[in-house]
Structure formats: C-alpha cells, structure tokens
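What follows draws every value from the coordinates through simple rules; no lab data is involved. Because the structure is a prediction, the values reported are computed rather than measured. Positions of Cβ are generated from backbone atoms using ideal geometry, with glycine treated the same way; all protein chains shown enter the neighbour counts.
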Amino acid sequence: MQQAVVQVNTQLKAGQYEQATRTLAPLVSGRPLTVQQKQAVGTALKQINEAVAAESNLDTKEMYELRAKMFKAVHSGPRF
C-alpha cells in the first residue's frame, strides 16, 4: 500500500490524474482502511476531483466510477 501511495503521489504531481486514479482505486476497494489510509485516499481524491473540475476531458464514465469507489472506501465503515 505504501509503495502504491508513493506511485500515486508521483502521478498526481506529474498531472497524470487518470493513471493515479487507476492505480489507487483497486487498492481501496473491498478492504477496510485505517484512519491514516482513509486520510491519504481522501487527499488524493480531493486533488483528482479538483483536476476533473478544471479539465472537462477528465470527466469520463471510467473516472467517475473509479472516483466513486474511492469515495465509498473513504466514507465506509463504522460511524461511531
């Protein structure tokens, strides 16, 4: 997971938002995340969402579905 986060950060810094999303989404789907992992995914998701808002060509069905998986991973789990 740590190596993937480093890779995602590198991709985000390079403006490779689609690749960063493809790298991160499968890692967070279907497994519980720690608080720190949720924070890291949330930060990456925020950057990706900002890029999608700024660049309409990134607003594809695939990106939407991958971002939805990441959002679900960040916001799932016990509430109390």
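Sort 59-72, 40-53 by the packing proxy (mean of other Cβ within 10 Å over each peptide's residues), most packed first.
Numbers: 59-72: 14.4, 40-53: 17.0.
The most tightly packed comes first, giving 40-53, 59-72.
When a/c reaches 1.5 or more, the comparison of a/b and b/c decides; with that in mind, is segment 32-76 rounded, prolate or oblate per its Cα gyration tensor? It would help to have the intermediate numbers written out before the result.
On the way: a/c = 4.08, a/b = 1.85, b/c = 2.21.
Judged from the Cα gyration tensor, segment 32-76 comes out oblate (a/c at least 1.5, b/c at or above a/b).
What is the spin-label model distance, in nm, from T60 to Q3 if the labels are put 7 Å beyond Cα along the C-beta direction?
My value for the distance between the label points is 2.6 nm.
Using only alpha-carbon positions, what ratio does the radius of gyration of the chain give when scaled by 2.2 N^0.38 Å?
Values: Rg = 12.0 Å, N = 80, 2.2 N^0.38 = 11.6 Å.
Cα-based Rg divided by the globular estimate yields 1.03.
Express in nm, to one decimal, how much length is gained between A53 and R31 on full extension, taking 0.36 nm for each residue of separation and deducting their alpha carbon distance.
On the way: separation 22, 0.36 × 22 = 7.92 nm, distance 2.81 nm.
In short, 5.1 nm is gained.
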